[in-house]
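Heads up, the thing below is written out as structure tokens.
Please treat every number below as a calculation from the coordinates, not as lab data. Computed from a predicted structure; not experimentally measured. Counting neighbours? That spans all protein chains shown, and the Cβs are built from the backbone with ideal geometry, glycine included.
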Amino acid sequence: MTITLSIIYLITTIAFVIGLKMLGHPETAKKGNLISGIGMGLAIVATIFLHDFEVPSINYILIGVALLIGTILGYLIAIKVAMTKMPELVSLFNGFGGGSALLIGLVEFGNFSTDATQTSTIIAAIIIGSITFTGSLVAWGKLNGSMKDIRLPKYNLINNLFILALIAFGAYIVMYDPTSLTLIYLLLAASLVYGVLFVIPIGGADMPVVISLLNSLTGIAAAITGILYGNMVMMVGGILVGSAGLILTFIMCKAMNRSLSNVIFGAFGGGDAATAAVGKAGGTIKKTTASDSAILLNYASKVVIVPGYGLAVAQAQHVIHELEELLTKKGVDVSYAIHPVAGRMPGHMNVLLAESNVSYDKLIEMDNINPQFPNTDVVLVVGANDVVNPAAHNDPSSPIYGMPILDVENAKHIIVNKRSMNAGYAGIENELFFNQKTSMLFGDAKSALTELVNELKNM
Amino acid sequence: MNELVEFISNNLQLLYILILAIFIGVELIKNVPSVLHTPLMSGANALSGVVIVGALLVMLQAKPDDYLSLGLGFVAVVLGIINVVGGFVVTDRMLQMFKKKK
């Protein structure tokens, strides 16, 4: 490695640390991302040109073609995708990173396999890379709805034994048969299968936590390949992502009042507790119309909007902003209550509302808005369900029991817009809908809100 | 046991770096407001694309007649660069949303 290359790697590493630091503050985040990006670009260019091996020109051509294809693909996907699809996109990209790590491990197995330390590094890269690869793809499939939760009987036991067997298998290869390609391909296949088994039983509501965890694992895979090459920038960059991702995973678990082991082994919405909870809420619901809701909103002095993923799916974030502006003009005090896990990822709802120009100071976080609900005339819940489910407070058998929620039932009136009476993402009933103060405004969020806006305009 | 001691003494510098990097990662993220969790996850995800450096090394060192290494390396570079470019661009797009305000 030339000294110039080492210096550039050092600069890149510093750029990563500073960039990550800046990414943690709203004012500097954009610049931080740019700084890390430039650092990465430097490292990539320097790796290609500042090495000291003999490289045939055909390799350069292939590298150029690969970079070109990947850059165009990555850029197009990133530009085209809708903001609502962000969580699954992060998962997809993450899977690609893991796939890259596993391929590196696979190639280097043939080249390096003399020393036990190196062989174990390669095997670790293959195992972790494969798990993040298929795991992220499954998470992606589940988030975009093309894959359902599947729980084999005793899946926890199976998964735990599986991972132990994988590790033992890896250790066996290192100790007894460090040159066998057949065994490596077997290990690869088993790791890929484990990635699927690991993610597939985990409930949809927990997907953000899982993606964050997988993201952390990709970082670790990158760090491990870095150790293999003695490459500092891969090592430090990978470890940074690994530890940052892990801590982010814990923060997210905390927002949902669940432990990580509960997320991984507890399979949200599964098991006996959930079956007991389903169907518990009962009674009659009160339907309402757009014009009745409009009257209610028009004469309110304080309205709180609770947006959920349903709003995002219906692409109704612009209409809700129109509604909010209209009400504000009429002298109504309007704000948005943002649950930490509203949408599909923490902060997802903020991104979506910011996209439709909702002013930042109108978005109120849970702890600040909860005391305001008793003075609120009307709460408009749009496409949110689990984050306003009172079962989290008063039903110990509910799978979401203990999760902090928005206490909308303290408001004077609650209007819930929902497509149907189907249970929420966590698959549990919501007694809020049967509350005396609740009226249900059925329909697709976009059309229901548009109707509401039109009614209000005519008043 | 002996092997472990040997491993540690051979890789002492490495262990220091790893441990310090872990602490930096934790400290950087600890107090981030939940608003930024999504962009942060996406930004960190782009950083994990640093694995591309390894993929490039594979391709640079592959012999021109070693089609397996070249082929796998090629795919690894494509996947890695998608992770990098896509990750940074999508994070930038998300943060753009915040920027317009205020």
query = For all pairs of alpha-carbon atoms in the stretch A:169-255, what percent lies in each bin of width 5 Å, listed from the first bin to the last filled one?
reply = 3, 13, 15, 16, 19, 18, 10, 5, 1, 0
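Give the calculated FRET efficiency between A:Ile295 and A:Ser397 to the nearest 0.05, with a Förster radius of 30 Å applied to their Cβ-Cβ distance.
Details: r = 39 Å, r/R0 = 1.29.
The computed FRET efficiency comes out at 0.20.
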note = Note on chain A: helices (DSSP H) long enough, at least 20 Å by alpha carbon along their axis, and hydrophobic enough, mean Kyte-Doolittle at least -1.0, are A:3-23, A:29-49, A:57-80, A:86-112, A:116-143, A:155-176, A:181-199, A:207-229, A:232-255
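Kirkwood-based Rg over Rh for the stretch B:1-53 (C-alpha set), two decimals? Write down the numbers at each step before the final one.
On the way: Rg = 16.0 Å, Rh = 13.6 Å.
That ratio is 1.18, to two decimals.
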ask   = Any idea what Rg and Dmax come out to for chain A if you just take the C-alpha atoms, in Å?
value = 25.3, 81
inquiry  = Please rank A:Ser356, A:Ser100, A:Ser136, fewest neighbouring Cβ atoms within 10 Å first, as an exposure proxy.
reply    = A:Ser356, A:Ser136, A:Ser100
key: Where only alpha carbons of the stretch A:113-200 are counted, the Rg and the Dmax (Å)   = 14.4, 45
key: Cross-link reach list, aspartates and glutamates versus A:Lys286, counting only Cα pairs under 14 Å and skipping chain neighbours closer than eight places   = A:Glu431
remark   = In whole angstrom, the spacing between the Cα centers of the stretch A:56-132 and the stretch A:143-187 equals 20 Å
key: Kirkwood-Stokes translational diffusion coefficient of the stretch A:98-254, alpha-carbon pairs, 10 °C, 1.306 mPa s, µm²/s   = 100 µm²/s
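Between their Cα atoms, which of A:Lys437/B:Lys30; A:Lys21/A:Lys85; A:Lys142/A:Lys437; A:Lys362/B:Lys30 are more than 28 Å away from each other? Could the numbers behind the result be given before it?
Details: A:Lys437/B:Lys30 40 Å; A:Lys21/A:Lys85 26 Å; A:Lys142/A:Lys437 35 Å; A:Lys362/B:Lys30 25 Å.
As for pairs spanning more than 28 Å Cα to Cα, those are A:Lys437/B:Lys30; A:Lys142/A:Lys437.
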query = Mind checking Rg over Rh on the stretch A:289-341, alpha carbons, Kirkwood formula for Rh?
reply = 0.98
task = Once every Cα of the stretch A:342-459 carries one equal point scatterer and solvent is ignored, give the base-10 log of I(q)/I(0) from the Debye formula at q = 0.16 Å⁻¹, two decimals.
result = -0.86
Simple label model, 7 Å out from Cα along Cβ direction - A:Ile72 to B:Leu12, nm = 5.3 nm
query = When Lys and Arg each count +1 and Asp and Glu each count -1, what net charge do the other residues less than 14 Å away from A:Ser261, Cβ to Cβ, add up to?
reply = +1
key: Overall Cα dimensions of the stretch A:38-125, principal axis frame, Å, largest first   = 48, 31, 23
query = So how long is each side of the stretch A:372-419 along the principal axes, counting just the alpha-carbon atoms, biggest first, in Å?
reply = 31, 27, 12
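Computed FRET efficiency, Cβ-Cβ of B:Leu4 and A:Glu54, R0 45 Å: what is it to the nearest 0.05? Before the final figure, lay out each step's value.
Working: r = 38 Å, r/R0 = 0.84.
Calculated transfer efficiency: 0.75.
Arrange the following residues from fewest to most other Cβ atoms within 10 Å of their Cβ: A:Thr2, A:Thr12. All intermediate terms of the calculation are to be shown ahead of the outcome.
Values: A:Thr2 12, A:Thr12 28.
Taking fewest neighbouring Cβ atoms as first place, the list is A:Thr2, A:Thr12.
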note = To the nearest 0.05, the calculated FRET efficiency linking A:Met175 and A:Ile3 through their beta-carbon distance, R0 being 30 Å, is 0.20
request  = Please provide three numbers in whole Å: the alpha-carbon extents of chain B along the principal axes, with the largest listed first.
outcome  = 57, 41, 16
note = Fewest to most Cβ atoms within 10 Å: A:Val90, A:Val65, A:Val382, B:Val75 sort as A:Val65, B:Val75, A:Val382, A:Val90
note = Filtering chymotrypsin sites (Phe, Trp or Tyr not before Pro) in the stretch B:5-102 by DSSP loop and by at most 15 other Cβ atoms within 10 Å leaves none
